[in-house]
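Okay, so here's the structure we're looking at.
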Amino acid sequence: MPGQAAELVFDEATKQYEGREEAAVDRLSLTVPAGEICVLVGPSGGGKTTALKLVNRLISLTSGDIRIDGISILEQDVVELRRSIGYVIQQVGLFPHMTVEANIGTVPRLYGRSKSWIHARSQELLELVGLDPSYAKRYPAQLSGGERQRVGLARALAGNPPLMLMDEPFAAIDPIVRARLQDEFLRLHEEVRKTVVFVTHDIDEAIKVGDRIAILRPGGRLAQYDTPAAILDHPVDDFVAQFVGADRALKALALRTLVDVVLGPPADGPRIARTASVRDAVSKLIETRADSLAVTDDDGKIVGSVWLEKLV
Amino acid sequence: MLLGAGPVIPNFGSGTSCEVNNGWFCTSWVRAHWGDTLQPALVQHVELSVLAVVIGLAIAFVLALVGFRWRLLDPPIGVFSDFLYTIPSLALFQLLVPLTGLSVLTVEIALVSYTLLILYRNLIEGLRAVPADVVEAARGSGFTRMQTFLRIELPLALPALLAGLRIATVSTISIATIAPIVIAKGLGNPIFIALKQNTFKTEIFAAGGLAVALALTADGLLVLAQRGLTPWTRRARA
């Protein structure tokens, strides 16, 4: 079975449906370095899901190329290609007639792995995605939406693919569970370090999970491809500026924590942990109407202070 | 149409008083004629019905594969099986005799025709009802088209297929009771004979009752099979 992380290159990748004037994806070129999370984001009709499905050839390229670790997807057997790519979709698509363990074992079974190997692997993966190993014997109908998506993630990881494609994986989940799944996904990514292409229509989600963000405009053209901070600080045009929102300055604050801030001398005031984001600190200043905040370390000891001018 | 010779014709003159008076139900007659009349008829009835359902299932399966794979062919196949289903069974039996004679083949052609509509429709609807996201997940995980069909689509169509199989089986057992207008076989045979014997009630009730019991038993067995084969349908979220 495949291993580690792969570099993914879109090279003038184009999808033009017959009889349509505008391309779905138009000469998309970008490189996702191995082990990074690239978020494709944009308004509906921006071709982000199409771009994703070009990679595992659920949709075929009209022109251009896509390469995984330098090998064109067109040169690979389509079934082998898909088995080597983890695939997570919004509606999860768990197989309702199979137990959680059998669902997770989908790709290993296609590779001819033994029952005992699959059992051990599914136990390991359930733990990794934060589910009790006793879930192995359940059927999908017995799970909540959030639990199903965790199993979907475990299934996509089971073949140890060097590349994962995730199509709005958390969009159908309620906001509280979604935020938790995003956090856990980032923690999990720290652990497994796969290359990930992640589609969302939610710019906040893109900023939160992406190492890099590719913003697509209608007609499937790339508007900007950069780190979240760079996109928030320097949107290339009005379209990007509008898409990231009028509050982009505030959004940018969410990308830094107080660890990144030069603190003032310790002083009393409303307390905030040093691990909190700058955005949370600003929010606290507004909420408490205090002039400054007392920043605490992990033990709750005051190590410094911050005020508005320090933060922005 | 001629009747085949029945195994034993009840004799009004020499039976018990119940039999002589053509009472509603004479257990004495049932006891005396279980071995020579009722049991053989029951066995024949099972054979006729099982054969019809098995052949019907095989044909419906092939037709459903074709109709599922090539959507354009679904309407004509559907109309054809609809048409077969609407022909009155008595008429269909008669119509076939000039072609296939007074044979088991004639009976089976007619019985199979009546299973096709239900089995075809249920199987194809079951296949179509498989959620698109499930199929997409399968294809995206690297299932071949054949693997997707055998491991995902077909198992998920099983509840609908088994529901159709129950209806087809029960109706086949019921329709098979008119087989004796072609051949002297099945539980219809003692009924036909009894009708000719001045409507001998005991024999009609005994054979008719057996047909009902057979249908209920077959249905019960299929329910058990359904439970065993589709465990996921019973485990709703707690």
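Looking at A:V209, A:V199, which is the one that is buried (at least 19 other Cβ atoms within 10 Å of the Cβ), within 28 Å of A:E12 (Cβ to Cβ), touching a Lys or Arg at 6+ places or on another chain (Cβ under 9 Å) and touching a residue at least 24 places away in the same chain (Cβ under 8 Å)?
The unique qualifying residue is A:V199.
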query: Are any of the residues in the stretch A:297-311 charged (D, E, K, R), over 19 Å from A:V41 (Cβ atoms) and surrounded by 14 or more Cβ atoms within 10 Å (Cβ to Cβ)?
result: yes
Any hit, the stretch A:279-289, residues being in a loop (DSSP other than H, G, I, E, B) and not assigned by TED's automatic domain parsing to the domain that holds A:A206: yes
- request: Please find, within the stretch A:124-137, the residue that is nearest to A:E101 (Cα to Cα) out of those that are crowded, with 16+ Cβ neighbours inside 10 Å and not hydrophobic (A, V, I, L, M, F, W, C).
  value: A:Y135
task: Considering only the stretch A:132-146, state which residues are under 23 Å from A:I176 (Cβ atoms), at the interface with chain B (Cβ under 10 Å from one of its Cβ atoms) and not aliphatic (A, V, I, L, M).
output: A:R138, A:P140, A:Q142, A:S144
- prompt: Which condition breaks for A:T288 when tested against (1) at pLDDT 90 or above; (2) surrounded by fewer than 19 Cβ atoms within 10 Å (Cβ to Cβ); (3) closer than 27 Å to A:E190 by Cβ?
  reply: (3)
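Can you name the residue in the stretch A:61-104 that is among the small types (G, A, S) and away from every other protein chain (no Cβ under 13 Å) and, of all such residues, is surrounded by the most Cβ atoms within 10 Å (Cβ to Cβ)?
A:G64
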query: In this structure, is B:L72 exposed (fewer than 12 other Cβ atoms within 10 Å of the Cβ) and free of Cβ contacts under 8 Å to residues at least 12 places away in the same chain?
result: yes
- prompt: On the given criteria, is B:A160 closer than 30 Å to A:A102 by Cβ, assigned to a helix (DSSP H, G or I) and more than 10 Å from chain A (Cβ to nearest Cβ)?
  reply: yes
query: Before we move on, is B:A211 surrounded by 18 or more Cβ atoms within 10 Å (Cβ to Cβ), over 25 Å from B:V97 (Cα atoms), under 23 Å from the mean Cα position of the chain (by Cα) and away from chain A (no Cβ under 14 Å)?
result: no
message: Here is a list: A:G46, A:G86, A:G70, A:G64. Which entry is in contact with an Asp or Glu (Cβ under 7 Å, 6 or more places away or on another chain) and either in contact (Cβ under 8 Å) with a residue 12 or more places away in the chain or small (G, A, S) (or both)?
response: A:G64
query: Identify, please: which residue in the stretch B:120-154 is basic (K, R) and more than 24 Å from B:T169 (Cβ to Cβ) and is, among those, surrounded by the fewest Cβ atoms within 10 Å (Cβ to Cβ)?
result: B:R145
- request: Restricting attention to the stretch B:127-157, report how many residues are in contact with an Asp or Glu (Cβ under 9 Å, 6 or more places away or on another chain) and either away from chain A (no Cβ under 12 Å) or not in a helix (DSSP H, G or I) (or both).
  value: 3
Number of the exception - B:F192 against (1) at pLDDT 95 or above; (2) away from chain A (no Cβ under 14 Å): (1)
- prompt: Which one of these does A:R150 not meet: (1) crowded, with 21+ Cβ neighbours inside 10 Å; (2) within 14 Å of another protein chain (Cβ to nearest Cβ)?
  reply: (2)
- prompt: Can you find a residue in the stretch B:217-229 that is within 14 Å of chain A (Cβ to nearest Cβ) and closer than 23 Å to A:Q149 by Cα?
  reply: no
- request: List every residue pair whose Cβ atoms lie under 7 Å apart, where the two residues are 6 or more positions apart in sequence or sit on different chains, the first residue falls within the stretch B:223-238 and is surrounded by fewer than 12 Cβ atoms within 10 Å (Cβ to Cβ), and the second residue, located anywhere, is at pLDDT 90 or above and in a helix (DSSP H, G or I).
  value: B:R234/B:R227; B:A236/A:A141; B:R237/A:A141; B:R237/A:Q142; B:A238/A:Q142
- prompt: If you go through the stretch B:51-60 one residue at a time, do you hit one that is at pLDDT 95 or above, small (G, A, S) and surrounded by fewer than 19 Cβ atoms within 10 Å (Cβ to Cβ)?
  reply: yes
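Only one residue in B:L150, B:L96, B:L127 is within 24 Å of the chain's Cα centre (by Cα) and under 30 Å from A:G112 (Cα atoms). Which one? Before the answer, list the steps.
Working: B:L150 fails: within 24 Å of the chain's Cα centre (by Cα); B:L96 fails: under 30 Å from A:G112 (Cα atoms).
One residue alone meets the criteria, B:L127.
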Hey, A:P108 touching a helix residue (DSSP H, G or I) at 6+ places or on another chain (Cβ under 6 Å), more than 8 Å from chain B (Cβ to nearest Cβ), surrounded by 16 or more Cβ atoms within 10 Å (Cβ to Cβ) and touching a residue at least 12 places away in the same chain (Cβ under 8 Å) or not: yes
Selection count, the stretch B:185-232, where residues are of a type outside the set (K, R) and outside any helix (DSSP H, G or I): 7
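The values are calculated or read from the model by the stated rules, or taken from the named source; none is laboratory data. Quick caveat: nothing in here was measured; it's all calculated off a predicted structure. With ideal geometry, Cβ positions are generated from the backbone for all residues, glycine too; neighbour counts draw on all protein chains shown.
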